[in-house]
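Taking it in order: structure first as structure tokens, then the write-up.
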Amino acid sequence: MKKTIPITTIPLANTKEGVISITHIEEPYGEGSKPVVSIGISLDGEENKPDWKAHIPYENIDDVIAALKEAKEKFGK
């Protein structure tokens, strides 16, 4: 049974009310599916109704973090 556990909410830069919400989801695709971390973006601040979201398998988190750090180093200001 799908179960969501909020982890944190971060203000979304350059918006008035936007947030980034990070959530752990158990069995996101049905019984027996592996848990994921969900990253949601809400422009109006409704963290439970994101405009965009991505589900990242826990096995991929380290690679995603490395890619985000690389993007920040190359292009972040």
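The values are calculated or read from the model by the stated rules, or taken from the named source; none is laboratory data. From a predicted model like this one, the values you see are computed outputs, not experimental measurements. Cβ coordinates were reconstructed from backbone atoms using ideal geometry, including for glycine residues, and neighbour counts include every protein chain displayed.
Just checking, does the range 57-72 include any residue being at positive phi, of a type outside the set (S, T, N, Q) and not in a helix (DSSP H, G or I)?
The answer is no; no qualifying residue exists.
Every residue in the range 63-77 that is surrounded by 10 or more Cβ atoms within 10 Å (Cβ to Cβ) and charged (D, E, K, R), please.
Of everything in the range 63-77, those that are surrounded by 10 or more Cβ atoms within 10 Å (Cβ to Cβ) and charged (D, E, K, R) turn out to be 63, 69, 70, 72.
So that you can scan it fast, the table gives a plain yes or no per residue for (1) at pLDDT below 95; (2) in contact with a strand residue (DSSP E or B) (Cβ under 7 Å, 6 or more places away or on another chain); (3) exposed (fewer than 12 other Cβ atoms within 10 Å of the Cβ):
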residue	(1), (2), (3)
40	no, yes, no
46	yes, no, no
58	no, yes, yes
61	no, yes, no
